[in-house]
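The values are calculated or read from the model by the stated rules, or taken from the named source; none is laboratory data. This one's a predicted model, so the numbers in the text were calculated from it and none came from an experiment. Cβ placement follows ideal geometry from the backbone for every residue including glycine, while neighbour counts extend to all protein chains displayed. These area figures cover heavy atoms from the full protein model, side chains too; ligands, DNA and RNA do not enter into them. Shrake-Rupley method; radii C 1.70, N 1.55, O 1.52, S 1.80 Å.
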Amino acid sequence: MHRTVQEFRGKIYLIGILLFLFVVNATAQFEEGALVKGNNDAVFLISKGKACWIPNESVFNLLGLNWNKVKKVSDKDLAKIPKGWIIVKGRNEPLYIIDNGTACKVTNASTLKALGFDNNSIWSVPDEKLIKLPQRPLLVKGSDASVYLIHNSKVCWIPGESILKALGYEMKMVIQIPDKEMIQIPKSQLLLRGSSDKIYRAENNKRRWITNAVLFTRLGYDWNSVLTVSDAQLKNIPEGEPIK
């Protein structure tokens, strides 16, 4: 039986080596920074051995790329390369993950790594071009239905799809990350404010006013974790009983 276990482990090891060589062979033909496309119009940037989709001309120009350098490859070869993300920053943090042409804000490199995106290269881009892209907070989820908003290094739970929609977001905007990262990230409650000084806690598809600063501190909340939204977005969420 001991020999059988050893043989089994040997086969697993061999399979792992073959898979590794398969990926290496698939990516070796593409140089770092290469621009490639298959039979459709989608263009990918090869970065750290991954194919990162460039969703539109605005992102292409943001990265300062050259259309004349886009090379046609077979769909079969392109499919062998694992997919990655375009991640950019201006002169200062924060960082942004580009999702369908929108710049999704990530507070810093530590948060990026915690979310499992640390294997991607970060592209420095001109601030004047970056601010022209539509921007929103980063929305993530694991394999379950819970959705979280990233704000100032906080992973804030959005308690219900109605609140997600009230804030102007949709499920198709949510990026799925591996459960192993999702489980390890500390979670916090979603705190909101409009143009007034009132701070609300999102709870059970409602917003509940935290009535004073002493209570806010006693609940262990951080002022930097409060997300400022428009008054219209705030009014889209029904108001519940105040927290006293």
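Assess whether LYS48 counts as being open to solvent by 50 Å² or more (accessible area, probe 1.4 Å), modelled with pLDDT of 90 or more, within 19 Å of the chain's Cα centre (by Cα) and under 26 Å from GLY142 (Cα atoms).
No; evaluated as a whole, the condition is false for this residue.
Run ILE81 past the list (1) farther than 22 Å from GLY38 by Cα; (2) of a type outside the set (Gly, Ala, Ser); (3) open to solvent by less than 50 Å² (accessible area, probe 1.4 Å) and report the number of the one that doesn't hold.
If we test ILE81 against (1) farther than 22 Å from GLY38 by Cα; (2) of a type outside the set (Gly, Ala, Ser); (3) open to solvent by less than 50 Å² (accessible area, probe 1.4 Å), just (1) comes out false.
Conditions: (1) touching a residue at least 40 places away in the same chain (Cβ under 8 Å); (2) under 24 Å from CYS104 (Cβ atoms). SER188 meets all but one. Number of the miss?
(1) is the only condition that SER188 fails.
Filter the range 94-104 for residues that are within 12 Å of LEU130 (Cβ to Cβ) and either of a type in the set (A, V, I, L, M, F, W, C) or at pLDDT below 95 (or both) and give the result.
Listed by number, the residues that qualify are PRO94, LEU95, ILE98, ALA103.
Just give me the residues in the range 204-228 being in contact with a strand residue (DSSP E or B) (Cβ under 7 Å, 6 or more places away or on another chain) and farther than 15 Å from GLN189 by Cβ, in sequence order.
THR211, THR228
Can you tell me which residues in the range 171-185 are open to solvent by 40 Å² or more (accessible area, probe 1.4 Å) and either free of Cβ contacts under 8 Å to residues at least 60 places away in the same chain or assigned to a helix (DSSP H, G or I) (or both)?
MET171, LYS172, MET173, GLN176, ASP179, LYS180, ILE183, GLN184, listed by residue number.
Looking only at the range 77-112, count how many residues are of a type in the set (D, E, K, R) and touching a Gly at 6+ places or on another chain (Cβ under 9 Å).
Going through the range 77-112 one residue at a time, the tally reaches 1.
For the range 143-164, state whether one or more residues are over 14 Å from TYR96 (Cβ atoms), touching a Cys at 6+ places or on another chain (Cβ under 9 Å) and touching a residue at least 40 places away in the same chain (Cβ under 8 Å).
yes
Which numbered condition trips up ILE131, out of (1) surrounded by 16 or more Cβ atoms within 10 Å (Cβ to Cβ); (2) of a type in the set (A, V, I, L, M); (3) over 30 Å from LYS187 (Cβ atoms)?
(1)
Could you say which residue among VAL155, VAL106 is touching a Leu at 6+ places or on another chain (Cβ under 6 Å), open to solvent by less than 10 Å² (accessible area, probe 1.4 Å) and β-branched (Val, Ile, Thr)?
VAL106
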